[in-house]
Number of protein chains: 2
Amino acid sequence: MSQAPDTSDLKTDRSRLRRSHERGHYDREAIDAVLAAMPMAHIAYEMDGAPSILPTLQWREGDYVYWHGSSASRALRAMEGRKVCLSVSCLDGYVLARSAMHHSVNFRSVMLFGEAERVHGDHAANSLELMFDAWFPGRWETLRPMNAQEFKATAVMRMPITEGAAKVRTGGPSDDEEDYALPIWAGVLPITITLHPPVDDPDARLEVPQPAHLGDVKIG
Amino acid sequence: MSQAPDTSDLKTDRSRLRRSHERGHYDREAIDAVLAAMPMAHIAYEMDGAPSILPTLQWREGDYVYWHGSSASRALRAMEGRKVCLSVSCLDGYVLARSAMHHSVNFRSVMLFGEAERVHGDHAANSLELMFDAWFPGRWETLRPMNAQEFKATAVMRMPITEGAAKVRTGGPSDDEEDYALPIWAGVLPITITLHPPVDDPDARLEVPQPAHLGDVKIG
């Protein structure tokens, strides 16, 4: 299964968006599509001299990917002004071949390299609203507004979309020519990420109907 | 949404499996459950002086987490004998609160820290079989056996499960007391990862019925 999401070539190259690569898409359209499909991201950074990971949610604004967390987060403070690597992956299926070697996975992934930067003030406040627009469009306006203390407690981070790539694998297995004659089943087990109907807060004290904007939430 | 999978506390502590932490589970049972539910992993490592990520699939054997790739992979070679951080995350739901601040996500995640080691020979060969047992039980025996060239082309890696933790968030939003009086809908949008019925290889040249072992594949 060495053809699984091993992006070593990508990472070796640290290519600008122009390079061509098997399964690799360095065009912004492909990158933006993956970022829009899957908010879950893993961000690698260095902490105390060792690699570490922050699993978090990302959103895009123009030529930047954003994430946020607590102002007190040691992870976010360790990242600021430092090189990070952000990865977003959707597992789309198991690809079952006639030999162990040609098993693989279908996936969409994005890998970005760059320096993490914290944004402040109106920029940060505006970005938190855009975060809601990205994940829960129509919801921001319905909420109790954020107060000064909450803004202060929230750190908003970003990195530019300049270095990196999207990689996509789709389709069935690619077996060795002679193996197609073997009576071994091969194919794909598709995998999707599914959003289910809203579940009301069991601690609600008022009966509030489910708002229409819930229907606009998408994932995958 | 600072309560999203921000695991900065975990990463700061680099705790042994004993510590207690809000939402944190340092017991092996919790860690093993997440590893078994989600093969997709992100591994942070250092490449050319900067943090990088390898998205790959993991499986567990006893007190180690394993992954594999091409023997030629620069990523795997950069990891060998070096510190890495492995993260496995399942996004289980969007938690929608009455204020922006208390939005969150339900998730299960594992973060492990340790040194990556390559295993060789019979150990590697045996582990590849155990990899199939983990992801596709019953399938290994049905395949065209691996040959010497394929074994040579495959690198099997592992790290010990000694430093790290599982973190889990479940349930509805936790709003500020006074916000419960507001007529704002709150609740959860559950998210699951779904395995779909097998799709036959369109390039198959023989009609081979779908084997029963496909029904034993699980994810999520």
**OP:** Check whether at least one residue in the range A:97-104 is more than 7 Å from chain B (Cβ to nearest Cβ), surrounded by fewer than 21 Cβ atoms within 10 Å (Cβ to Cβ) and touching a residue at least 12 places away in the same chain (Cβ under 8 Å), and report yes or no.
**Re:** no
Original post:
What number of residues within the range B:36-75 satisfy the criterion of being open to solvent by less than 20 Å² (accessible area, probe 1.4 Å) and either more than 7 Å from chain A (Cβ to nearest Cβ) or part of a strand (DSSP E or B) (or both)?
Top reply: 25
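Residues are listed down the side, and each one gets a yes or a no for (1) within 7 Å of another protein chain (Cβ to nearest Cβ); (2) closer than 23 Å to B:Asp175 by Cβ:
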| position | (1), (2) |
| --- | --- |
| A:Tyr180 | yes, no |
| A:Ile184 | yes, no |
| A:Leu189 | yes, no |
| A:Leu195 | yes, yes |
| A:Asp203 | yes, yes |
| A:Val208 | yes, yes |
| A:Ala212 | no, yes |
| A:Asp216 | no, yes |
| A:Gly220 | no, no |
Original post:
Looking only at strands (runs of 3 or more DSSP E) that fall completely inside the range B:122-220, which ones have 1 or more residues that are more than 18 Å from A:Ser99 (Cβ to Cβ) and among the basic types (Lys, Arg)?
Top reply: B:154-160, B:163-169
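One line per residue, one yes/no per condition, for (1) over 18 Å from the mean Cα position of the chain (by Cα); (2) open to solvent by less than 10 Å² (accessible area, probe 1.4 Å); (3) more than 10 Å from chain A (Cβ to nearest Cβ):
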| site | (1), (2), (3) |
| --- | --- |
| B:Glu80 | yes, no, yes |
| B:Ser89 | no, no, no |
| B:Asp122 | yes, no, yes |
| B:Pro145 | yes, no, no |
| B:Phe151 | yes, no, no |
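The values are calculated or read from the model by the stated rules, or taken from the named source; none is laboratory data. The shown structure was predicted, so the numbers you read here are calculated from the model rather than taken from an experiment. Please note: Cβ atoms are built from the backbone with ideal geometry, for glycine as well, and neighbour counts cover all protein chains shown. SASA here: full protein model, heavy atoms, side chains in, ligands and nucleic acids out. Shrake-Rupley method; radii C 1.70, N 1.55, O 1.52, S 1.80 Å.
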